[in-house]
Amino acid sequence: MARLTVFPMSMRDEHETNAAPAAASPAPSGRQPVPVVAVVLAAGFGTRFDPKNPKQLVSLDDEPIVCWSIDAFETNPRVTDIIVVVNPRVRGEVERLVDEAGYPKVRMIINGGAERADSTSAALAALADAGIPPRAKLLIHDAVRPFVEQSSIDGCIDALDEFEAATVAFASTDTVLLTEDLGDRKVIRSVPDRSNMFRAQTPQAFRFETIRHAYELAADDPDFHPTDDTRVVVDYLADTPVAIVAGSRTNLKITTHDDLPDAERIATSVRMERARTRVHAMLAAAPAGDDDGDASAQ
Ligand SMILES: Nc1ccn([C@@H]2O[C@H](COP(=O)(O)OP(=O)(O)OP(=O)(O)O)[C@@H](O)[C@H]2O)c(=O)n1
Ligand SMILES: C[C@](O)(CO)[C@H](O)COP(=O)(O)O
């Protein structure tokens, strides 16, 4: 099982050199950059999918969904640490998968809570106990969004150099209707301009002290049941802008069985693209051959 790794003392110092990989060397002072911590939320119970078949463990192209998501953050060189949030039903299998894969960035596997916000709260508490610096960059991700793109992860990391909060989101191609109740019917209250309509995805990214403060304020309201993390900042830190980072159609959330055919197609396409990328890299690295064969030998 992945053990809790207390963050090295150097990471407790605030320092900002989370530039793109090319410039990720320590700053002139030699101090370390702030940690970039991915929180992979995998503690749901999948009631809309199949409570007896945890969707975060369902395989796509022979890889469990939760591993697709962990892999995405393991692959990104700017992500320094990963914590995985689980529920008791999947803990044993997730621990086995993490140990089998030997994910080097996974620092801890912790228990989540009854609601998604409770799982985020548990992660925030565990990170505080582990001594994460206040300016650390957190990327909170649904484990059941297995195809998050590297450009979205990088976009979140970059956005936190200018904003305290950011979220991956995908522009709505449908007109969105805001409704209200009229008797037992929903009726339209307003039709916002579509150019400002986005569907929230994940990761949702925050400076550690900002999201922790927002959750501390929200904790006083027992009737507050946010379905994502940005709402906690929007509702409780109203003066804190939350930037939009480009998402993608393929960054879908696997919610019901109906999502599986699309997910299988995307998994196959992602695998093929990765194979193409590997072949191109191998060809690019191959020594320049003698194209005309024996001609020069004669
Ligand atoms: N108490 C919870 C609820 C959800 N999640 C995670 O948040 C993500 C998005 O949640 P959702 O798709 O709703 O998953 P479930 O809550 O399992 O689904 P349902 O609402 O159908 O039970 C998932 O990766 C899920 O594992 C979590 O970590 N802890
Ligand atoms: C966080 C989220 O994925 C943004 O769209 C969504 O709100 C999660 O909702 P769920 O009901 O927990 O799947």
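Annotations for the structure displayed:
- Net charge dipole, the chain: roughly 380 debye, given to the nearest 20, about the Cα centre with Cβ charges of +1 for Lys and Arg and -1 for Asp and Glu.
- Where N is the number of residues in the chain, Cα Rg divided by 2.2 N^0.38 Å: 1.12
- Neighbour-count ranking [beta-carbon atoms within 10 angstrom, fewest first] of 216, 74, 100: 100, 216, 74
- Length-normalised contact order of the chain in % [C-alpha pairs under 8 Å, at least 6 apart]: 20 percent
- Cross-link table 52/186; 52/253; 55/186; 52/137; 52/105, entries beyond 26 Å C-alpha to C-alpha: 52/186; 55/186; 52/137; 52/105
- The chain, helix-only ellipticity at 222 nm - DSSP H runs n ≥ 4, -39,500 (n - 2.57), divided by all residues, nearest 500: -10000 deg cm²/dmol
- The ranking of 55, 186 from fewest to most other beta carbons within 10 Å of each one's beta carbon is 186, 55.
- Positive-end extreme of charge dipole, region 199-298 - chosen from 218, 252, 283 (charges on Cβ): 283
- Listed residues 33, 202, 67: farthest to the positive end of the dipole of the chain (Cβ charges): 67
- Note, ³J(HN,Hα) from phi for region 251-263, Karplus 6.51, -1.76, 1.60, rounded to Hz, x at Gly and Pro: 7, 7, 9, 7, 10, 10, 4, 4, 7, 5, x, 4, 5
Read-outs: derived from the displayed coordinates by stated rules, not from any lab. Fair warning: this is a prediction, and the values are worked out from it, not measured in the lab. Cβ sites come from the backbone with ideal geometry, for glycine too, and all protein chains shown count toward neighbours.
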